[in-house]
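Values in this text are rule-based calculations from the coordinates and carry no lab data. The model shown is predicted, which means the values in this text are computed figures rather than measured ones. Neighbour counts run over all protein chains shown; Cβ positions are idealised from the backbone, glycine included.
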Amino acid sequence: MKRLISGVQPTGGIHIGNYLGAIKNWVKLQEKYESFFFIADYHALTVKQDLETFPEKILNTAINIIACGINPDKSPLFVQSHILEHVNLGWIFNTITPIGELNRMTQYKDKSKQYSENINVGLFTYPTLMAADILIYNADVVPVGEDQFQHLELTRTIARKFNSVYKSGFFKEPEAIAAAGARIMSLTDPSKKMSKSGGVNGYIALTDSEEVIWQKVSKAVTDPNRQRKTDKGNPQKCNLFSLHQLFSSLEEIEYVDKGCRNAGIGCLECKKILADNINEEIAPIREKISYWQKPENKKKIIEILKQGADRVRPIAQENLKKIKQIVGLIEM
Ligand code: ADP
Ligand code: TRP
């Protein structure tokens, strides 16, 4: 069985962008691959975290992932910082990665603009740690949203570089797996990806209630050329139509597509159908999240994360041992 790994940062509640771009796909893929999932808490430290809420966010992210359908008995779920080997290998990768490669990373450029008061070295070397997260387990495939493809490409470059500098054929080059919703755009600004940092009305969290979903969808930006119900719209230019394609039935998609083109239905009706369908899909997840958030169940989450780390640690340890030998370090 091929091995799969993926991670998500504990930056707050999971939104439908993360869900469609990554986690929904993980749930399907865990049947086909030996899968490891983790919470990238060290990566999250590259931006300033609120110390009051950060520990809760880590646990909540685990809850969200389990509520989406990841089965931790089958696929270990763990916290990145609990496996020290990731950072150890990340350091070794720092020593073979040209600065120029990291300078090209669009996430680094974007985040240095966004957090211009805190452009730290961790933000810059983020991709070498990500490469280590993947290569420490010799993973074959990595399901991520489109925004992470460049980091995956760099991971392959680092694997090749290590092989050419130290040992031919040692690392295999992992492949990215894209999901159907590889790039979900913000509800308030469809030119930007849906993200927690873009303001609460831009995203729908998995914990949003039916009312909140409706509030957000009803305010969402649609085809800007369609001002009145009598104007003919172009679904291809409407962010909400792309969401219909992910949440609605084929009949409904056809109905809103036609209705929008010939001004048969208004944006309000189209939004109502969409909000209902989003709610229908995420309601069971929302219920599971609230179940796991009860104090007595939350304790079990900590146990799950510990067990997950215990299951993957030996693999990371064994691999790092080999790597240290290859690069000429001595063990005592
Ligand atoms: P955010 O950008 O909201 O902080 P993360 O960086 O934690 O989210 O991303 C977690 C996973 O979700 C990654 O695999 C990422 O590619 C995916 N993802 C994030 N935002 C989107 C989006 N708008 N559309 C599709 N996938 C996304
Ligand atoms: N960088 C990813 C994100 O922001 C999270 C991540 C860290 C990751 N390490 C990884 C994803 C390794 C896949 C594999 O979404």
Extend 7 Å from the Cα of Asp231 along its Cα-to-C-beta direction; within region 260-274, residues with backbone N under 20 Å of that point are 260-272
Where GluC sites (Glu not before Pro) in DSSP loops with at most 12 other Cβ within 10 Å are excluded, longest remaining stretch of the chain = 118-330
Can you list, bin by bin at 10 Å, the percent of alpha carbon pairs in region 128-277, starting at 0?
-> 11, 31, 24, 16, 12, 5, 1
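Send over the Kirkwood Rh of region 1-141, from the inverse of the averaged 1/r over different Cα pairs, rounded to one decimal Å.
Roughly 15.9 Å, rounded to one decimal.
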Residues whose modelled amide H sits under 5 Å from the amide H of Glu175, counting only those 5 or more places away in sequence or on another chain, are Val141, Val142
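Using just the Cα positions, wrap region 236-332 in a convex hull and report its mean projected area in square nanometres, one decimal place.
On the way: hull surface 48.8 nm².
Mean projected area of the Cα convex hull: 12.2 nm².
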For the chain, with +1 on Lys and Arg beta carbons and -1 on Asp and Glu, the positive-most of Ile326, Ile213, Ile58 along the dipole = Ile326
Along each of its three principal axes, how wide is the spread of alpha-carbon positions in the chain, in whole angstrom units, largest first?
-> 77, 48, 42
Can you give the relative contact order of the chain as a percent, counting alpha carbon pairs under 8 Å and 6+ residues apart?
-> 22
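Between Ser112 and Lys219, what is 0.36 nm times their sequence separation minus the Cα-Cα distance? Round to one decimal in nm.
Values: separation 107, 0.36 × 107 = 38.52 nm, distance 3.01 nm.
This chain segment gains 35.5 nm when fully extended.
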Computed P(r) (all Cα pairs; region 37-116; 5 Å bins; percent) = 3, 11, 17, 18, 20, 16, 10, 4, 0
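Restricting to Cα pairs below 8 Å that are 6+ residues apart, what does the relative contact order work out to for region 193-332? Please round to a whole percent. Each step should come with its number before you reach the end.
Values: 101 pairs, mean separation 30.0, N = 140.
The normalised contact order for region 193-332 reaches 21 percent.
So how many Å³ per residue does the convex hull of the Cα atoms of region 154-223 work out to?
138
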Along the charge dipole of the chain, which of Asn279, Ile177, His244 sits closest to the positive end, that is, farthest toward it, with unit charges on the beta carbon of Lys, Arg, Asp and Glu (+1, +1, -1, -1)?
-> Ile177
Percent breakdown of C-alpha pair distances by 10 Å bin, ordered from the shortest bin, for region 82-202 = 12, 38, 34, 13, 2
What is region 210-276 by shape, rounded, prolate or oblate, if you read a ≥ b ≥ c off the alpha carbon gyration tensor as root eigenvalues and call it rounded for a/c under 1.5, prolate for a/b larger than b/c, and oblate otherwise?
-> oblate
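Using only DSSP helix segments of four residues or longer, with each worth -39500 (n - 2.57), what per-residue ellipticity at 222 nm results for the chain after dividing by its residue count and rounding to 500?
On the way: 13 runs with 169 residues, N = 332.
Calculated at 222 nm, the ellipticity per residue is -16000 deg cm²/dmol.
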Report the one residue of Asn120, Leu89, Ala131 whose Cα lies farthest in the direction of the positive end of the charge dipole of region 86-134 (charges on C-beta: Lys and Arg +1, Asp and Glu -1; origin at the Cα centre).
-> Asn120
Set of aspartates and glutamates near Lys271 by C-alpha distance (under 15 Å), chain-local residues within fewer than 8 positions excluded = Glu210, Glu211, Asp223, Glu252, Glu254, Asp257, Glu280
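So which trypsin sites (Lys or Arg not before Pro) in region 71-171 end up in coil per DSSP with only 16 or fewer other C-beta atoms within 10 Å?
Working: sites: Lys74, Arg104, Lys109, Lys111, Lys113, Arg156, Arg160, Lys161, Lys167; in loops: Lys74, Arg104, Lys167.
Hits after loop and neighbour filter: Lys74, Arg104, Lys167.
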The Cα extents of region 279-332 along the principal axes, largest first and rounded to whole Å, are 55, 26, 12
